[in-house]
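Peer 1: First the structure, then my questions, so here it is.
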Amino acid sequence: MRRGVAALAVALAPLFAVAADGLPQLDAKLADALLEAKRASWSRDPVRFARAAAVIPDHHALSAYVGYWKLRMQLGTGHDDAGKSSALDAAIESYLNRNRGTPVAEYMLRDWLQALGEREDWARFDAWFPRLRLHRPRAILCLAGVSRLAKGKRIERESIDAYMGSRNLRDGCETLADRLAMISPQPVQLLQSRLRRALEDNNRSVIRKLGQQLGLPEQALADAIDKPLKVLALGSTGELTVIALSRLGRGDPAQAGRYLEAESARMAPRDRAFAAAIIAAAAGRDLSADALEHTRRALKAGHDPSLSDRTLSWLARTALIEEDWSTLVEVLGRMSAEERDTPRWTYWHARALARMGVRDVADGLLARIAGGDRYYGMLAAEELGQQVTVPSPARATTATEAQAIRRNPGIGRALLLYQAGLRYDGNLEWNEAIRTMDDRGLLAAARFACAQQILDRCVNTANQTRHEHDFALRFPSPFQTRLRAAAGERELDDAWVYGLIRQESRFIQNARSGAGAKGLMQIMPATGRWIARKLGVRGFRTAHLEQVDTNLRFGTFYMKTVLDSLDGSQLLASAAYNAGPGRPRRWRERFPREIDGAIFAEVIPFGETRHYVQNVLANAVWYESLRTGRPASLRARLGRVGPVRPNDSSL
């Protein structure tokens, strides 16, 4: 055994078994026990938990997780008994002090703070809240606001932002909403602003709750939400009119626009501006032919400062659809500076100014974001006439750098958690271990992850370098022989296939989505059965989708099917892979003329699909360039999207 490996084995021996290569190993019995202990904790089954936990030694490197699961299981029970509650609090404090600075301690602290807030133990909550470092959930931030209100203090900005951003007002944010309703005058303004955010989200339950807290008549409020035409016909004013117009606008922007015109003289300027923007954004999401006209009316109606950037982004997209660059610039002027300066809107701002003849300013904006491997930076570089080329790889990792990764306790715990099938926990350990690393450390960690076939961490870690890069790590190409054979059988561009897999699963072979999609190419079970019938595969079971060859064969068959049904457009086919083949066909029907593919990608109504398409095609460009050694073009892959042809096929 080499000297470095031997030293590592001696150092780790008390914690876990070490393989011949010096890396931590978890035997199958311990792996099963850990997984069972976590499941028992989550189902609050103490007998089952105790049986599993007894298998895991107290000194094991993952024993802190067992301790956390045990304490978490006890939270939420026994709080009516002061003695039990006090003993549990003391045990949690001791646990947090022993494990300070670890991700698992963050888990424990978040859960405990939630429990402390629920029982209004604000003294302990305030004492421990500052120690929450890595992630502060909105529910906890809202509870921090409740704590300040309980002491008669003003709520801090962090808690207000959490309250405004909580889509469903659950947990601590619901408590904060209830407390705000009891005080005046400023919190009433905050409730009104939060109601408008709920109207932008079209969240019926939150609209109802906040309307009740503002004292709106119960029946009139219910009608404004569910029967907006009834309320508008009665000539109601104020918040009820805004609610009714917003709700009607989400379903029928044209009719809502007509009512707004009729009611506008009686409405306060701010109410009129808000309702007009909601209607315009709804028309934009529908890709309606009159969406731009609604946006122009909204701009003339004035500006409501409570409008979110999400709504204004849809007004900007309506201008993009018609390539009305001056309207786009006007909408961008109403966004927050933070949103306007994002790569997305910096790019489109520059495109607008260039088309309006202000080329020098446009080039300055493009230069600000051009470069790198992200979608808008790539588009900006091409707009400036620069070629998108793979940078020279960073220097090789030194023996010292590699050894530092292998000796890192967080990396060791992550490896063990992966072996136990606890990928989420392993990723948190990994992410915390690399959080403060410089480029050399990140590259060493990424190379280590690739060597261990932990390809999602390889990609995500390599993505974080700032100056030294290795794009072969950011865009790995595993399963080359099998993937290229599957792509070749369908006459598909393997760079596009790799780009799609990188986005779908980060090359995790047994990946499963919350919706049930499986494997490298994230194929839904129903789609898998359909493909099996088309290919004549007998004895197919959905478990087969986690086999690499089956997944690649089925996924490339589906890619080819949607590609052929959509004029060979990788842009449209990528959207179809994510959102279903019918949706891009319907979106495309809204455009009677050919449009720039980058514009089409930007106005896809589903945010998830929009980001998905952009990432898949950007990935494909880098895979092409890595394979050929030559520059590649994102604009060429986006192409142009023409009108639907009469003979377009459907699946």
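The values are calculated or read from the model by the stated rules, or taken from the named source; none is laboratory data. Here the structure is a predicted model, which means the values were calculated and not measured. Quick reminder, even Gly has a Cβ in these numbers, built from the backbone with ideal geometry, and neighbours come from all protein chains shown. Areas reflect the complete protein model, heavy atoms only, side chains present, ligands, DNA and RNA absent. Shrake-Rupley method; radii C 1.70, N 1.55, O 1.52, S 1.80 Å.
Peer 1: Is the stretch 446-529 best put as rounded, prolate or oblate by its Cα gyration tensor, with a ≥ b ≥ c the root eigenvalues, rounded for a/c under 1.5, and otherwise prolate when a/b is larger than b/c, oblate when not?
Peer 2: Since a/c reaches 1.5 but b/c is at least a/b, the shape of the stretch 446-529 is classed as oblate.
Peer 1: What are the principal axis extents of the Cα atoms in the stretch 57-147, in Å, biggest first?
Peer 2: Per principal axis, max minus min of the Cα coordinates gives 40, 31, 17 Å.
Peer 1: Once phi is turned into θ = phi - 60°, what whole-Hz ³J(HN,Hα) does the Karplus curve with 6.51, -1.76 and 1.60 give for every residue of the stretch 543-552, x standing for Gly and Pro?
Peer 2: Rounded to whole hertz, the list is 4, 5, 5, 8, 7, 4, 5, 5, 4, 5.
Peer 1: When only the heavy atoms of the protein chains count and the probe is 1.4 Å, how do M356, M335 rank by accessible area, highest first?
Peer 2: M356, M335
Peer 1: Ok, one more. Hey, got a sec? Which GluC sites (Glu not before Pro) in the stretch 578-617 land in a DSSP loop and have at most 16 other Cβ atoms within 10 Å?
Peer 2: Passing sites in the stretch 578-617 are E594.
Peer 1: Need one word for the stretch 173-285: rounded, prolate or oblate. Basis is the Cα gyration tensor (sqrt eigenvalues a ≥ b ≥ c); a/c below 1.5 gives rounded, then a/b vs b/c decides.
Peer 2: Prolate.
Peer 1: Sorting V66, V55 by accessible area (1.4 Å probe), largest first, what list results?
Peer 2: Largest accessible area first, the residues go V55, V66.
Peer 1: Report the full-extension gain for the segment T400 to Q464: residue separation times 0.36 nm, less the Cα-Cα distance, to one decimal in nm.
Peer 2: 21.0 nm
Peer 1: So how much slack lies between D438 and R512, counting 0.36 nm per residue of separation and subtracting their Cα-Cα distance, in nm?
Peer 2: In short, 23.4 nm is gained.
Peer 1: Nothing charged except the Cβ atoms of Lys and Arg (+1) and of Asp and Glu (-1): what's the magnitude of the dipole of the chain about its Cα centre? Round to the nearest 20 debye.
Peer 2: In total the dipole reaches around 840 debye.
Peer 1: Moving on. Select from G499, F475, G536 the residue farthest towards the positive end of the dipole of the chain; place +1 on Cβ of Lys and Arg, -1 on Cβ of Asp and Glu, and compute about the Cα centre.
Peer 2: Among G499, F475, G536, the one farthest towards the positive end of the dipole of the chain is G536.
Peer 1: Run the 1.4 Å probe and let me know the accessible area of C450, rounded to the nearest 10 Å².
Peer 2: For C450, solvent-accessible area is about 20 Å².
Peer 1: Moving to a separate point now. At most 14 other Cβ atoms within 10 Å and a DSSP loop assignment: could you name the trypsin sites (Lys or Arg not before Pro) in the stretch 415-498 that fit?
Peer 2: R435, R466
Peer 1: In addition: Would you work out if the stretch 382-535 is rounded, prolate or oblate? Take a ≥ b ≥ c from the square roots of the eigenvalues of the alpha-carbon gyration tensor; rounded if a/c is under 1.5, else prolate when a/b is larger than b/c, oblate otherwise.
Peer 2: Oblate.
Peer 1: Express the accessible area of the stretch 269-351 per residue in Å², computed with a 1.4 Å probe while the remaining protein chains stay in the model.
Peer 2: 35
Peer 1: Can you tell which of A123, A362, G238 lies farthest toward the positive end of the dipole of the chain, using +1 and -1 charges on the Cβ of basic and acidic side chains (Lys, Arg; Asp, Glu)?
Peer 2: It is A123.
Peer 1: Another question about this same structure. Computing the accessible area with a 1.4 Å probe over protein heavy atoms, can you report the carbon and sulfur percentage for the chain?
Peer 2: That share works out to 49 percent.
Peer 1: Same structure again: Once every DSSP H run of n ≥ 4 in the chain is given -39500 (n - 2.57) and the sum is divided by its residues, what mean residue ellipticity at 222 nm do you get, rounded to the nearest 500 deg cm²/dmol?
Peer 2: Roughly -20000 deg cm²/dmol at 222 nm, from the helical runs in the chain.
Peer 1: Provide Rg over Rh for the stretch 176-238; use the alpha carbon set for both Rg and the Kirkwood Rh (inverse mean inverse pair distance).
Peer 2: 0.98
Peer 1: Taking a 27 Å limit on the Cα-Cα distance, which of the listed pairs K153/K209; K29/K70; K84/K153; K209/K300; K70/K209; K70/K518 fall beyond it?
Peer 2: Beyond 27 Å: K84/K153; K209/K300; K70/K209; K70/K518.
Peer 1: Could you pull the accessible area for L520 with a 1.4 Å probe, rounded to 10 Å²?
Peer 2: Roll a 1.4 Å probe over it and L520 shows about 0 Å².
Peer 1: Counting only residues 5 or more places away or on other chains, whose amide H sits under 5 Å from the amide H of Q25 once H atoms are built in the peptide plane?
Peer 2: Long-range HN contacts for Q25: A17, V18, A19.
Peer 1: Kindly report the accessible area of the stretch 377-467 per residue (heavy atoms of protein chains, probe 1.4 Å, no ligands, DNA or RNA), in Å².
Peer 2: That works out to 42 Å² for each residue.
Peer 1: Positive end of the dipole of the chain, charges at C-beta (+1 Lys, Arg; -1 Asp, Glu), about the Cα centre: which of H294, A579, A256 has its Cα farthest in that direction?
Peer 2: Projecting each Cα onto the dipole axis, the largest value belongs to A579.
Peer 1: At most 15 other Cβ atoms within 10 Å and a DSSP loop assignment: could you name the GluC sites (Glu not before Pro) in the stretch 424-518 that fit?
Peer 2: Qualifying residues, ordered by number: E468, E491.
Peer 1: For M267, M559, M182, give me the order by solvent-accessible area with a 1.4 Å probe, most accessible first, ignoring ligands, DNA and RNA.
Peer 2: Reading off the accessible areas and sorting them downward yields M182, M267, M559.
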